[in-house]
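Inspection log for the structure reproduced underneath, given as structure tokens.
The values are calculated or read from the model by the stated rules, or taken from the named source; none is laboratory data. What you are looking at is a predicted structure, and each value in this text was computed from that prediction instead of being measured. So basically every Cβ, Gly included, is an ideal-geometry build from the backbone, and we count neighbours across all protein chains shown. Heavy atoms of the whole protein, side chains included, go into the accessibility calculation; ligands, DNA and RNA do not. Shrake-Rupley method; radii C 1.70, N 1.55, O 1.52, S 1.80 Å.
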Amino acid sequence: MVYTSYADLAAAETEGVDYSRTAIEPTGATWAAIAIHGGGIEPGSGEMAFEVAGSRMRYYEFKGIKTSGNSVLHITSTLFDEPQAVGVVDDSLRTLSFHGYAGPDGVEETAIGGLDTALVARVTAALQLRGFTVITAPSEISGADPANICNENASAAGVQLEMSNALRASFFPNGDLSRTMRDSGQRTALFYEYATAVQSAYEGRGMVSQGSINASRYTLLTAPAADVDLTATVATDKLAVGGSHFVALAGRYADTSNSYLARIEFTTTQTVALTIRKRLAGVESSLAGGTVAGLIHAAGTRFGVRLQITGSALKARVWLASTPEPTTWNVETTDASLTAAGQIGTRSILSSANTNVLPVVASWDDLLVEGPQRFEVTRSVNGVVKAHASGTDVRLAASPIVPL
């Protein structure tokens, strides 16, 4: 190791001659794909990060561009403090950090680690499904240090993918990892297969296509208990016209007529309101809440939402998903009307006054349930959900969720 910080490196090396930095941040993106040892440092890592990011994720690459000796530009993941990289990761909920390591001679494998254990499991499963070999990363490249840049996102947990030399060579024609080959844009089919596998972990986002107004679309899971703590992110693809867009987390759902809801309203003036509501015998009423100061709705902007139900106590909050979750609740109230565990999930509905060109698509992601549980996804009355998950991270359907 030569440099222990970006400032040290920048003082001794010349940007544009020895190294380059690239950061791309699509509006509304909450995931990041990064390669802090790109270019000639760990060849192939930057190309993979760029392919995986596409137009859907934030992307960052620190690239070694010396004619030789790029290894001197290697700043360890726990010390990597280049400002652009820090900014990209800080504003992300989930981070995929791509690296290269030697690995056994001729063995094409990925050593995976990081503190985002749920996403590690999803990426591992996706790669293995497509025939790639994945191992648990040894301690020296495990990505388990909280100071590792992959773990310095808004969730304080990321994923580190260490691709062996043989694997990265397989991504380029004739196993050629030279800069000339990498810059030529030539890739093997295996390169795209690998990228698609990793992307599939992202594509677990549930897309609720709303082709009619005033029709509830639920996605539901069997609740582990009556007391639950749910978190998710959500966005709609249009501004509200004529009437509001409503999206909600549901708890103690017995049927379409009985449940608790933490409901976000995206209004026609782009304000954001949060209310805790109950549906009892088919009658819906607001228990508490209102407009949330400082939040503005925009098409594609993702918001975090959390619903906590403990006994008769109900709490909810909403925030920009690109920022850390706040520690205070926007809404707190009590109600003892519904006590059975029932189901949990999401609800999406358009106001009866809405005049958007339809469909309006609500996209749900990052649905988390506190505590170790195992769930089977069920069909709701008004929507179709296709997923199965174990652990704390519950994924919605990868394909559009359409009304029955």
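Worth pointing out:
- S244 being more than 15 Å from G342 (Cβ to Cβ) and either over 25 Å from the mean Cα position of the chain (by Cα) or of a type in the set (D, E, K, R) (or both): yes
- Flag for A85 being of a type in the set (G, A, S), touching a residue at least 40 places away in the same chain (Cβ under 8 Å), part of a loop (DSSP other than H, G, I, E, B) and touching a helix residue (DSSP H, G or I) at 6+ places or on another chain (Cβ under 9 Å): no
- Residue check for L338: part of a loop (DSSP other than H, G, I, E, B), modelled with pLDDT of 95 or more, open to solvent by less than 60 Å² (accessible area, probe 1.4 Å) and touching a strand residue (DSSP E or B) at 6+ places or on another chain (Cβ under 9 Å): yes
- Filter pass, V228 being in contact with a Ser or Thr (Cβ under 8 Å, 6 or more places away or on another chain) and not hydroxyl-bearing (S, T, Y): no
- Tally, over the range 248-262, of residues that are over 14 Å from A341 (Cβ atoms), surrounded by 24 or more Cβ atoms within 10 Å (Cβ to Cβ) and not small (G, A, S): 2
- Given (1) closer than 22 Å to T4 by Cα; (2) touching a residue at least 12 places away in the same chain (Cβ under 8 Å); (3) open to solvent by less than 60 Å² (accessible area, probe 1.4 Å), index of the condition L79 fails: (3)
- Any hit, the range 107-115, residues being open to solvent by 40 Å² or more (accessible area, probe 1.4 Å) and assigned to a helix (DSSP H, G or I): no
- Among the numbered conditions (1) open to solvent by less than 40 Å² (accessible area, probe 1.4 Å); (2) in a strand (DSSP E or B); (3) at pLDDT 95 or above, the only one that E332 does not meet is (1).
- Qualifying residue in the range 165-174 (condition: touching a helix residue (DSSP H, G or I) at 6+ places or on another chain (Cβ under 6 Å) and either at pLDDT below 95 or under 24 Å from V120 (Cβ atoms) (or both)): yes
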